[in-house]
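Okay, structure first, notes after.
FYI, it's all coordinate maths here, none of it is from the lab. All values reported here derive from a predicted model rather than from experimental measurement. So basically every Cβ, Gly included, is an ideal-geometry build from the backbone, and we count neighbours across all protein chains shown.
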Amino acid sequence: MSVSAPYQAAAPASGTPSPGEAGSCFLKLTNVGKRFGGVTALDGVSLDVRRGEVLGLLGDNGAGKTTLVKVISGVHQPTSGEIHCAGEPARITSPDRAHELGIETVFQDLALVPNLPVADNFFIGRESTFDLVPGLIRILRKREMERDAAETLKQLDIHIPSLRVNVDALSGGQRQAIAIARAIRWKANLVILDEPTAALSVPEQNKVMELARRLARQGVAVIYITHNMDDVMRVTDRIAVLYRGRLAAELKTSQTNQNEIVGVIMSGKPPAAAARTA
């Protein structure tokens, strides 16, 4: 689909932090805890998430990764601790509030509607409309939405055969790319990718990892959740390992190796060279 003129995207929602410089801290967690009755899911987690960087979030099943992501994305409220966003205290009380702050999460199920076209999936719940009959009939701005989606895909160098094809006709990698591009369309400062290469072919895995790196180069903060150690070593800049709800270690990817990372995941103990942490 050709684009005759770029559509001017809407301004960021009120309360959205300014982009800031690559390398600066976008999200800061300080002693964040979360309890469900007598169960401690997160125990005093302190972590910086920086712009222009891919942070790998690792841990075995039950380590607290999902709970931490849900706290950041506004699904759960922390029981204790503080969260700062772009240097300001933040209460992420709902997913809508997370969106306002520029926090977008791409879950494993992608939250795409298979029987809707690509462009429509960009705007689920945020459709661009006009009143044909005020108060009675609202019409979708289809061409405007298609131009907007095309411009976002072009920005990220994502190639889709047509914006009018239904999502269920696309490959797994293309669907993942659409879900990530949708997050960027809504002015994301932080994109959380939950197992983004699961069930993808090797070529599509490579494309998704390159897309994560491209986001970082554009100054977006990326949290990359995976169990694939090859992905970790290839795509991340730093690694945070959770163990039974606490932060066991924080490592620079360039200064560690797979065996060391697996050791932390299994034991919950930082490596001897823990001083290398970022």
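Once fully extended, how much extra length lies between Asp109 and Leu136, figured as 0.36 nm per residue of separation less the alpha-carbon to alpha-carbon distance?
6.3 nm
How large is ³J(HN,Hα), in whole Hz, for each residue of region 192-197 in order, when computed from phi with the Karplus curve 6.51 cos²θ - 1.76 cosθ + 1.60 and θ = phi - 60°, using x for Gly and Pro?
Result, rounded to whole Hz: 9, 10, 9, 6, x, 9.
At 7 Å along Cα-to-Cβ for each site, give me the label-to-label distance between Ala199 and Thr79 in nm.
3.3 nm
Taking the chain as a Gaussian network, where each spring joins two C-alpha atoms under 10 Å apart, which residue of Met209, Met229, Met145 fluctuates the most?
Result for the chain, Cα springs under 10 Å: Met229 fluctuates most.
Can you give the FRET efficiency for Ala169 and Ser254, using 1/(1 + (r/R0)^6), R0 = 45 Å, r = Cβ-Cβ distance, to the nearest 0.05?
0.65
What is the magnitude of the charge dipole of region 94-158 about its Cα centre, with +1 placed on the Cβ of each Lys and Arg, -1 on the Cβ of each Asp and Glu, and no other charges, expressed in debye to the nearest 20?
200 debye
For region 136-225, compute the orientation-averaged projected area of the C-alpha convex hull (one quarter of its surface), in nm².
Here the figure is 6.9 nm², rounded to one decimal.
What is the antiparallel percent of DSSP beta bridges lying wholly in the chain, to the nearest 5?
Approximately 60 percent, going by the DSSP bridge assignments.
Tell me which residues come under 5 Å, amide H to amide H, from Gly81 once H is placed; ignore anything under 5 positions away on its chain.
Here the answer is Gly33, since their amide H atoms fall under 5 Å of that of Gly81.
Mind sorting out which of [x] 19.6; [y] 18.6; [z] 20.3 is the real Kirkwood radius over Cα pairs in Å computed from the coordinates?
Working out Kirkwood radius over Cα pairs in Å from the coordinates points to [x].
When ranked by the protection proxy of mean other Cβ atoms within 10 Å per residue, highest first, what sequence do the peptides 76-86, 106-116 form?
Descending mean neighbour count gives 76-86, 106-116.
To make sure I understand the rule: partners must be aspartates and glutamates, Cα under 12 Å from the Cα of Lys187, and not fewer than 8 residues away in the same chain. Which ones qualify?
Those aspartates and glutamates meeting the cut-off are Glu100, Glu104.
Taking K and R as +1 and D and E as -1, what net charge do the other residues with C-beta under 15 Å from the C-beta of Ala169 add up to?
That sum, taken over residues with Cβ under 15 Å, equals 0.
Please list, short to long, the whole-number percent of alpha-carbon pairs of region 38-153 in consecutive 10 angstrom bins beginning at zero.
With 10 Å bins starting at 0, P(r) equals 10, 32, 29, 19, 9, 1.
Can you tell me the 0 to 90 degree angle between the C-alpha axis of helix 202-217 and the longest principal axis of the chain, rounded to 10?
Tilt relative to the chain: about 90 degrees.
Select from Ser162, Leu200, Phe130 the residue farthest towards the positive end of the dipole of the chain; place +1 on Cβ of Lys and Arg, -1 on Cβ of Asp and Glu, and compute about the Cα centre.
So the residue we want is Phe130.
Apply 1/(1 + (r/R0)^6) to the Cβ-Cβ distance of Asp96 and Ala272, taking R0 = 45 Å, and write down the FRET efficiency to the nearest 0.05.
0.50
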